[in-house]
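For reference, the structure discussed in these notes is given below.
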């Protein structure tokens, strides 16, 4: 407190008069931005005080790029060496003759501890050995292998509100239904023998450790690593994993300014379809990694800068109506056929998808029910109380639900 003869500004200091409090606050905000660790008044009172410079600006003043782009450049050069594009430098023995294993996970939007999809993409560098660079990225991409798994326990956990998922539209093969407890085992078998990915969920076949050097890749590695932990799997416990690569980092993204997968793919000239399917996302992520390495090798620095701001609106995501074939793998059993075995599929999609019913409200407020096959499901008939009559009607709610499937994504 101050006496009657003293004025408040006499205690606040020469730069802190009440009339200048707002300006002082604003100056301090500017100081924290331009002079980290120091306030505006401290800088004025002590001109000799050390002022920390912005690292990006300091790097540019010294003729270098921002640190995150320098990191991206180093990662791209390393990827080029692993892919045998470049022989510059001495590549670590552990990184030679490697296999890229890319994983993407989708979690339920209302509970991220429920992992609803697992996507895997594989590229064995042995398969691209001897392929001329002039053949382009298409030839390399054709050598990739893909897999898509869905825990049967979360069959009814569908992303529709915050994330417009398309869990049943795997573009690159067959979706395998597995039990949740089998997920960690399947992933472990993939990392033991990545080249035999299509038999990873066949527990009747023994998975032998091929002792291959594995590069674990992902788009936003930190998130997918947390999701894998929920499944009881950690790549850190696998001795075959010699390194990780994050396409977020390769694209020059940062934690504060990440590069979305769709934005990255469009920047690279890819036209993604059915994103937010874990299998498709894993496939496109590995394709993006290879294309970034190729483009940067041909024209160093040509892929930067990739816009990270949301100022330029992305075009609507593309989706198809084609439902991928499904099989039951591991210890999972087709509820329609208890004697089904691995790889045994039924040509009728609705007969092999786990029974699930989605409740949706129409615009009039009437509750309608949709079966997993997309047909409108009526109440049991009076003549046959246990029989459900399929109306095959098309019910539309805005642009969100059409025939039980997602349409018109923006």
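Assuming 0.36 nm per residue, please report the length gained on full extension of the stretch residue 127 to residue 90 beyond their Cα-Cα distance.
Taking residue 127 through residue 90 to full extension adds about 11.1 nm, to one decimal.
Does a label point 7 Å from the Cα of residue 142, set along Cα-to-beta-carbon, have any residues of segment 271-287 with amide nitrogen under 17 Å, and which are they?
It comes to 287, nothing else.
Please list, in order, the residues from segment 109-141 whose amide nitrogen is less than 14 Å from a point placed 7 Å along the Cα→Cβ vector of residue 198.
122
What distance in nm separates the simple spin-label points at residue 210 and residue 299, each placed 7 Å from Cα in the Cβ direction?
3.6 nm
What Kirkwood Rh does segment 197-333 have if only Cα atoms enter the pairwise 1/r average? Answer in Å.
Mean inverse Cα-Cα distance, inverted, gives 17.3 Å.
When a footprinting reagent is the concern and you count Cβ atoms within 10 Å, what order do 205, 292 take, fewest first?
By the 10 Å Cβ count, ascending: 205, 292.
Rank the residues 97, 271, 224 as a footprinting-exposure proxy: fewest other Cβ atoms within 10 Å of their Cβ go first.
271, 97, 224
If you build the convex hull over the alpha carbons only and average its shadow over all orientations, what do you get for segment 67-298? Give it in nm² to one decimal.
12.5 nm²
Which residues in segment 125-143 have a backbone N closer than 20 Å to a point placed 7 Å from the Cα of residue 97 along the Cα-to-Cβ line?
Taking a point 7 Å out along Cα→Cβ of residue 97, the residues of segment 125-143 whose backbone N falls under 20 Å are 125-131.
Where a number appears in this text, it was derived from the coordinates with a stated rule and is not lab data. Quick caveat, the model's predicted, so the values are computed rather than measured. As a convention, Cβ positions derive from the backbone with ideal geometry for all residues, glycine included, and neighbour counts pool all protein chains shown.
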